[in-house]
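Heads up: the structure comes next, in structure tokens.
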Amino acid sequence: MNHLCMTIQYPYEKLIPLERFHGCIHFEFDKCIVCEVCVCVCSINLPIVDWKLRKNKRKKQLKHYRIDFEVCIFCENYVEYCP
């Protein structure tokens, strides 16, 4: 039996996102300076930033960054204000 299989990839056929899909947040852990601006500009105070103070360098060090995506409204305020 001869089966014809053909796959069309993205550049040729655009994927259609779900109606309520607003995108996703991309966080770069290495670039975060722990200024916590994202927490201040979030309309629902969603990001949780855990950090510790490095006394020898007098600088904050990011330990953990978390956002509850079930609650996030994807307002993207952080994009404009994040340094």
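The values are calculated or read from the model by the stated rules, or taken from the named source; none is laboratory data. Only a predicted model underlies this, so the values are computations on that prediction, with no experimental measurement involved. Backbone-built Cβ (ideal geometry, glycine too); neighbour counts: all protein chains shown.
Quick grid of which residues meet (1) at pLDDT below 80; (2) out of contact with any strand residue (DSSP E or B) (no Cβ under 9 Å at 6 or more places or on another chain); (3) exposed (fewer than 10 other Cβ atoms within 10 Å of the Cβ); (4) farther than 19 Å from Phe74 by Cα:
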residue: Ile8; (1), (2), (3), (4): yes, yes, yes, yes
residue: Tyr12; (1), (2), (3), (4): yes, yes, yes, yes
residue: Val37; (1), (2), (3), (4): no, yes, no, no
residue: Val41; (1), (2), (3), (4): no, yes, no, no
residue: Asp50; (1), (2), (3), (4): no, no, no, yes
residue: Leu62; (1), (2), (3), (4): no, no, no, yes
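Quick check on the stretch 34-83: of everything there that is acidic (Asp, Glu) and not in a strand (DSSP E or B), which residue is nearest to Arg20 (Cα to Cα)?
Glu70
Output the qualifying pairs, or none if there are none: Cβ atoms under 9 angstrom, residues six or more apart or on different chains, first residue in the stretch 57-74 and polar (S, T, N, Q), second residue outside any strand (DSSP E or B) and surrounded by 11 or more Cβ atoms within 10 Å (Cβ to Cβ).
Gln61/Val34
What tally of residues in the stretch 47-66 results from selecting those that are under 18 Å from Lys31 (Cα atoms) and out of contact with any helix residue (DSSP H, G or I) (no Cβ under 9 Å at 6 or more places or on another chain)?
13
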